[in-house]
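Working notes, beginning with the structure itself.
The values are calculated or read from the model by the stated rules, or taken from the named source; none is laboratory data. Small disclaimer: the values here were computed from a predicted structure and weren't measured. Counting neighbours? That spans all protein chains shown, and the Cβs are built from the backbone with ideal geometry, glycine included. Side chains included, ligands, DNA and RNA excluded: accessible areas come from the protein's heavy atoms. Shrake-Rupley method; radii C 1.70, N 1.55, O 1.52, S 1.80 Å.
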Amino acid sequence: MTTFNIGFVIFPNLTQLDFTGPLQVLSRLPEGQIHIIAKSLDPVPSDCGVSLLPTTTFADCPRLDLICVPGGAGVVGAMADRETIDFVRKQAAGARYVTSVCTGAFVLGAAGLLKGRRVTTHWGYTELLPLVGATFEKARVVKDGNVITAAGVASGIDFALHMAAEIAGEDTAHAIQLAIEYDPAPPFASGHPDRAPASITATVAPRYAKAREAYRTVLQP
């Protein structure tokens, strides 16, 4: 297998786990080469106090086989940044896989890459997918052609295992899952509004209303 170039596009105030969950899985692919890409090589702050170090810039990034865009509070800024959108669009044109985790889907959407596609994203933002020409599909990971999207934050690990199987075969994906002991047994069944107690959903859901309006401002100028 020749080198398989995997690129994560990072930007200020991304959600760290959107990025590091898939990174931990995909960095273990045989012959995989990871590229952590930003506008410059300066540290990029995440949403939880951890700063991330890019390994390359938009200008110097090689042609990617897989491009992945994480989500987070910084998506609004990334969608509005012409340099970021142009880079994503240019790399996606030649990539074998065009992917996102959580609200990173809207960066793909702002680049015009989701029109006519079945897509998932964080449950708090699914109503906005028609603004980028996409149709919401309720699933943890959705594959439509070469576009693969993951739902909210922690689903990025599931997404990356799907990609590992797609790229290197199921045995490799099984081996990675075992090596990182990804054997989830959450103490609560509150990971999605379909299963969380109504009182919890009622408390959490309003947090996304203001954020959705910020998305609309960018997507419907």
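Descriptive notes on the structure:
- Across region 15-24, the number of residues qualifying as surrounded by fewer than 24 Cβ atoms within 10 Å (Cβ to Cβ) and within 14 Å of Leu66 (Cβ to Cβ) comes to 1.
- For Thr15, the criteria (1) without any contact (Cβ under 8 Å) to a residue 60 or more places away in the chain; (2) hydroxyl-bearing (Ser, Thr, Tyr); (3) in contact with a Cys (Cβ under 9 Å, 6 or more places away or on another chain) hold in every case but one, which is (1).
- Identity of the residue in region 173-211, exposed (fewer than 13 other Cβ atoms within 10 Å of the Cβ) and touching a residue at least 12 places away in the same chain (Cβ under 8 Å), that ends up nearest to Leu29 (Cα to Cα): Ala179
- Residues (polar (S, T, N, Q) and touching a strand residue (DSSP E or B) at 6+ places or on another chain (Cβ under 8 Å)) located in region 88-139: Gln91, Thr99, Ser100, Thr120, Thr121, Thr126, Thr135
- Filter result for Asp60 (free of Cβ contacts under 8 Å to residues at least 40 places away in the same chain, surrounded by fewer than 22 Cβ atoms within 10 Å (Cβ to Cβ) and farther than 19 Å from Thr99 by Cβ): yes
- Selected residue (criterion: nearest to Phe106 (Cα to Cα)) from residues of region 12-53 that are under 16 Å from the mean Cα position of the chain (by Cα) and among the acidic types (Asp, Glu): Asp18
- Members of region 20-40 found to be small (Gly, Ala, Ser), under 22 Å from Asp60 (Cβ atoms) and not in a loop (DSSP other than H, G, I, E, B), listed by number: Gly32, Ala38
- Inclusion of Thr84 among residues that are closer than 27 Å to Cys48 by Cα, open to solvent by less than 30 Å² (accessible area, probe 1.4 Å) and assigned to a strand (DSSP E or B) is not warranted.
Condition check ((1) open to solvent by 30 Å² or more (accessible area, probe 1.4 Å); (2) of a type in the set (Phe, Trp, Tyr); (3) within 20 Å of Val119 (Cα to Cα)) across all residues:
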site	(1), (2), (3)
Ile6	no, no, no
Asn13	yes, no, no
Asp47	yes, no, no
Val75	no, no, yes
Ala92	no, no, yes
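- For region 65-78, a residue qualifies if it is part of a helix (DSSP H, G or I) and closer than 22 Å to Val141 by Cα, and exactly one does: Val75.
- Within region 37-53, being in contact with a helix residue (DSSP H, G or I) (Cβ under 8 Å, 6 or more places away or on another chain) and of a type outside the set (Ser, Thr, Tyr) holds for Ile37, Lys39, Asp47, Cys48, Val50, Leu52.
- Within region 147-172, being farther than 21 Å from Thr120 by Cα and either without any contact (Cβ under 8 Å) to a residue 60 or more places away in the chain or open to solvent by 60 Å² or more (accessible area, probe 1.4 Å) (or both) holds for Gly169, Glu170, Asp171.
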